[in-house]
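Inspection log for the structure reproduced underneath, given as structure tokens.
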Amino acid sequence: MRLACDEMLRGLARWLRAAGYDTLAAQAGMSDRALLALCEAEGRILISRDRKLLQIRRRPPIVILVADDIEAQARALSTALGLDWRLAPFTRCLEDNALLRPATPGEIARTPVSAQSLPGPWRACPVCGRIYWPGSHVRRMQARLDRFAQAEPQLTETPGMRT
């Protein structure tokens with residue numbers, strides 16, 4: 001499943017990437033028309049909070065979220081799209097959406113010495129060079145992804161949410 005988040009949901013895009021989803025985040029100032037065209041061309045589902053997007057006649061699938069809270073947004077997406085928040089954790093860069101690759105020994109050597117004894121997996125982004133290791137930040141994020149996955153899905157449509 002290929003996703004896109006509008007500018008208002010850039011933080012949610014990071015969580016979707018953390019779960020392993022190919023998630024584009026709209027660039028600052030990107031017009032709605034340009035974002036919709038990009039989603040349509042790339043076969044992406046747009047996630048937004050902007051209800052006026054539903055008025056556009058020809059458009060890709062859109063999920064409109066009404067909640068501000070990330071936990072409620074995660075539940076709504078689990079319901080609307082059947083998301084698995086444990087799909088492939090930390091296989092995509094949180095910043096640029098690139099698929100991560102195994103980190104080289106040289107890349108691991110650039111991390112804090114205290115982290116180098118951790119068992120892994122160690123991954124690196126081929127685009128920005130960021131290194132991901134199983135430190136406390138990743139463990140905390142994984143725990144939150146686990147909470148998203150365990151949350152009760154909404155059994156009925158949330159008022160204002162449309163797919």
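The values are calculated or read from the model by the stated rules, or taken from the named source; none is laboratory data. On a predicted model such as this, the values are computed, not experimentally measured, just so you know. Cβ atoms come from the backbone with ideal geometry, glycine included; neighbour counts cover every protein chain shown.
Residue check: is residue 24 closer than 18 Å to residue 138 by Cβ and not in a helix (DSSP H, G or I)? Answer is no for this residue.
Assessment of the stretch 82-102 against the conditions (farther than 15 Å from residue 12 by Cα, part of a loop (DSSP other than H, G, I, E, B), in contact with a Gly (Cβ under 8 Å, 6 or more places away or on another chain) and not hydrophobic (A, V, I, L, M, F, W, C)) yields at least one matching residue. If you go through the stretch 47-61 one residue at a time, do you hit one that is modelled with pLDDT of 90 or more, within 15 Å of the chain's Cα centre (by Cα) and buried (at least 17 other Cβ atoms within 10 Å of the Cβ)? Looking for residues that are modelled with pLDDT of 90 or more, within 15 Å of the chain's Cα centre (by Cα) and buried (at least 17 other Cβ atoms within 10 Å of the Cβ), one finds at least one in the stretch 47-61, hence yes.
Restricting attention to the stretch 33-61, the residues that are in contact with a helix residue (DSSP H, G or I) (Cβ under 9 Å, 6 or more places away or on another chain), of a type outside the set (A, V, I, L, M) and outside any helix (DSSP H, G or I) total 8.
Restricting attention to the stretch 103-134, the residues that are surrounded by fewer than 14 Cβ atoms within 10 Å (Cβ to Cβ) and either touching a residue at least 40 places away in the same chain (Cβ under 8 Å) or within 12 Å of residue 90 (Cα to Cα) (or both) total 1.
Screening residue 15 with (1) in a strand (DSSP E or B); (2) in contact with a Lys or Arg (Cβ under 9 Å, 6 or more places away or on another chain); (3) crowded, with 22+ Cβ neighbours inside 10 Å gives one miss only, at (1).
Pairs meeting the criteria (first residue in the stretch 15-34 and on the phi > 0 side of the Ramachandran plot, second residue not in a loop (DSSP other than H, G, I, E, B), beta carbons under 7 Å, at least 6 apart or on different chains) are 20/92.
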